[in-house]
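Report on the following structure.
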Amino acid sequence: MNRFLNMTIRSILIMYFFCLSGSSLAQVTPYVLGGLNVDVFASHPCDGANNGQLVLTLNSANGGTANYTIIGPTAALVISGPIIVGTPVIFNTDPGSLPAGDYDFIFSDGVNVINTFVPQGGNTLTLQDLTPLTIIDNSSDNTSCISPNGELNLDFTGGSLDLPGGGILNYSITASNGNPSFPITGTYTGTSIVIPGLAGGDYIITVDDSLSVCGIDPLFDPTATIEIEDPVPNTYSILAPFVQDVCEDGDATFTLNASDGSVNYQVVVLPGQTPLTPNIVEPGTGGAINFTVPAFSLTDGVELGVLARSGLCTSILMNNSVTVGIDLNPDIGLAVTPLAATICEGDNGTIQVIGSEVGVNYQLRDDFDDSTIGGPEPGNGGIVSLSAGALTTTTTFNVLALSGVCTPVELTATATITVDLLPDASLGVIAQDDPICENTSTNILVANSENGFSYQLRNDADDSPIGTPVLGDGNTISLSTGNLTASTTFNVLVTNGVCPPIQLTQLATVSVDPEPDLNLAVLANPTSVCEGDFSIVSVQNSEVGVIYELRNGTTVIGAPQGGNTGQLDFNTGTLSANTTFNILATRGACQVQLNNTATVTVNPLPDGTLSSTSPICAGGTSDLTFTASVGTGPFDLVVEGVAYNNVTSGVSFATLTEGVDFTGTTTLTLTSITDLGTTPNCVNTLVSSPTTITVNPLPD
């Protein structure tokens, strides 16, 4: 947009006001004929541009309206149209575009006609090409910060001031320093504008030319801003560090490297140069100045600068600034917990800080000696996990909270991680018995078992568990294999419930010997014998590799014999009573009694006494009687070489005649007894007590 647009609009309105008021009649040309009355206001072009303007105002006319024709300095410039009383017509408004030169007019209201081409029509109006408006600046700077004495002294040239009789300029002056006397407005007609007693600052001048489109707009004309300078304090520098961290309850301190004695130095917040609350001002000393900003005046990330203030003069910002970071005092009451309260030996432990604070770092430490573990971890407003590394013993931890320049503090809570030790994998593992017999069991022994650990016996072929776990007690523990049918290798799995189970290094193998056939036939031949005789006990279909032994109960009789797939015969030896024999079969670790047994019936040897009738007379007879003490009879007897068969116990079986068989007193001896009631018939050849027959002689 043309830089004169805004000024043009303002000028038109002002010009219109002046036309009606008659305050600028030199630039308003009246055209009057009878009841037709028209005023023509001229706004001259400026700076060689075709930017002049004309404003037609119909004051009166027949019927309230008229027609106009404007004839310009060029043949092409002819403008026509209607006009109404009281409504100005402006040529041209956005922007003005009439060139300099002579303009003639024809006005007609149907009754009256005004034509400037004829003498009675009035004078031709001339638009003059004016030079641009310029500012003549004779202002002076302020030399006092106590009583400002700066002065604006302004004049103007160009514009309507070049017209005969001079022009009228409307001006407005504003101040950047907040001077309450501004803005100042007025009209310039050739007399200098003088405004004394001014402090330093920028003074901005806007000018509208009432009689031309010339003007001064500070948006486009840098000369429209007049700077009045104050006495300037020396510029010093804030010393490093330029970034400073303080604890939330600590003060910030910094130093200005020098100062002027008559200047006060104020701490301000940048970038707006806002004073602190409370205000911190230090008087200049001619040397360095130290500033202390209390903690309650600080906010995190605030940027502080120093403003040099000298009376009413413009303040000067010193070089450099200090940015303050606020470090929080850590909350020592945060919860500290282990991620897992119990872990296995060698596993990594983790300690958690609950509700961590942003800006605080947390360092894990061994509570025993406060030695650090790993590096610090930053708080995130939630849970912070701190690695304790691989642990081999139960350990209590504490956490040190670090917050910038604040004093490190230890959190009140501690956390303990219990470490369960790994089992000793090198414990001895042996079989209690090896080999064992098929379908029998043994125990696997674990030496020096550890308290708190559970030991599970497993078949090493597929790690299938055998039996139930057994808790260690510091001594040797036994793990039952159960009955085995084949040689088996075992391993032992040990766990404490927390650590992963591990297998003991050593294995134990139990060899299993096949059990002998228990159902082999066992026979006695004969099955019945007399006391003192023997029998033969035989094992049928004996197995190669098996040793067989004849036993009476658990007493071994005779020598063992090896199986040969055939019959084995064992002599029982002399027998004195009924006896049941068994066979012990041994193959390796298998030593079993065959299911079948053999019983031999032992018949006792017969025994008894002879008795006779005694005394007898010579030549008389004596009856013999055998009374059995052992045996059931009947019996065959041999008495003094004489055999007596089928004798029944207690029944007289012979009558001896003294005269035939013996003379005098005779002793009879039983030399053999055969029990016909047993199978076989048992014979006792022992001599029993003799029987004496007393023979009395006949009287003579």
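Values in this text are rule-based calculations from the coordinates and carry no lab data. In this text the structure is predicted, and so the values were computed from the model without any measurement. Every residue, glycine among them, receives a Cβ derived from its backbone with ideal geometry; neighbour counts consider all protein chains shown.
With a cut-off of at most 12 other beta carbons within 10 Å, and DSSP calling the residue loop, which GluC sites (Glu not before Pro) in the stretch 483-566 qualify? Please list them. When the GluC sites (Glu not before Pro) of the stretch 483-566 are filtered for loop state and at most 12 Cβ neighbours within 10 Å, nothing remains. Label-to-label distance, Glu303 versus Ser426, with points set 7 angstrom from Cα along the beta-carbon direction: 6.9 nm.
Once the mean of 1/r is taken over each pair of separate Cα atoms and inverted, the stretch 634-696 shows a Kirkwood hydrodynamic radius of 12.7 Å. Which FRET efficiency value, to the nearest 0.05, do you get for Ser511 and Thr468 by plugging their Cβ-Cβ distance into 1/(1 + (r/R0)^6) with R0 = 30 Å? Once rounded, the FRET efficiency stands at 0.75.
Each residue of the stretch 29-164 gets 153 Å³ once the volume of the Cα convex hull is shared out per residue.
Subtracting the Cα-Cα distance of Asp249 and Ser60 from their residue separation scaled by 0.36 nm leaves 59.7 nm. A straight line joining the Cα centroids of the stretch 565-609 and the stretch 485-564 runs 19 Å. Dividing the summed -39500 (n - 2.57) terms of all DSSP H runs of n ≥ 4 by the residue count of the chain sets its mean residue ellipticity at 222 nm at -1000 deg cm²/dmol. Each principal axis of the Cα atoms in the chain has its own extent, and those three values, largest first, are 245, 75, 41 angstrom. How high is the relative contact order of the stretch 94-187, in percent, counting Cα pairs under 8 Å that sit 6 or more residues apart? Reported relative contact order: 17 percent. Between Asp155 and Thr126, the contour length at 0.36 nm per residue exceeds the Cα-Cα span by 7.7 nm. Against the main long axis of the alpha-carbon atoms of the chain, helix 5-21 sits at an angle near 40°. In terms of packing, defined here as the mean over residues of other Cβ atoms within 10 angstrom, the peptides 213-224, 132-143 line up highest first as 213-224, 132-143.
Based on Cα contacts under 8 Å between residues 6+ apart, the stretch 41-172 shows a relative contact order of 22 percent.
Shown is the FRET efficiency for Thr632 and Asp700, computed with R0 = 51 Å from the Cβ-Cβ distance and rounded to the nearest 0.05: 0.60. The modelled label-to-label distance for the pair Thr679/Asp569, using points 7 Å beyond Cα in the direction of Cβ, is 2.2 nm. Say a paramagnetic label sat at a point 7 Å from the Cα of Thr235, along Cα to Cβ; which residues of the stretch 315-331 have their backbone N under 18 Å from it? Residues 315-322 fall inside that zone. Extending 7 Å from Cα along the Cβ direction at Asn519 and again at Asp47 yields two label points whose distance is 13.5 nm. Counted over all Cα-Cα pairs of the stretch 292-363, pairs farther apart than 13 Å make up 78 percent. Which FRET efficiency value, to the nearest 0.05, is calculated for Ser315 and Ile373 with the Förster distance at 51 angstrom and r the Cβ-Cβ distance? So, using R0 = 51 Å, E works out to roughly 0.40.
Only Cα pairs under 8 Å and 6+ residues apart enter the sum, and on that basis the relative contact order of the stretch 638-700 stands at 34 percent. Within the stretch 154-184, what residues put their amide N at less than 15 Å from the label point 7 Å along the Cα-to-Cβ vector of Thr134? What the label zone holds, given the 15 Å backbone N cut-off, is 155-162. Annotation: extensible slack from Ala258 through Asp623 equals 114.3 nm (criterion: 0.36 nm per residue apart, minus Cα-Cα distance).
Within the stretch 65-165, which chymotrypsin sites (Phe, Trp or Tyr not before Pro) sit in a loop by DSSP and count at most 11 neighbouring Cβ atoms inside 10 Å? The qualifying sites are Phe117. Going 7 Å from the Cα of Asn459 toward and past its Cβ, which residues in the stretch 478-511 have a backbone nitrogen under 20 Å from where you end up? Backbone N within reach: 479-494, 503-504, 507-511.
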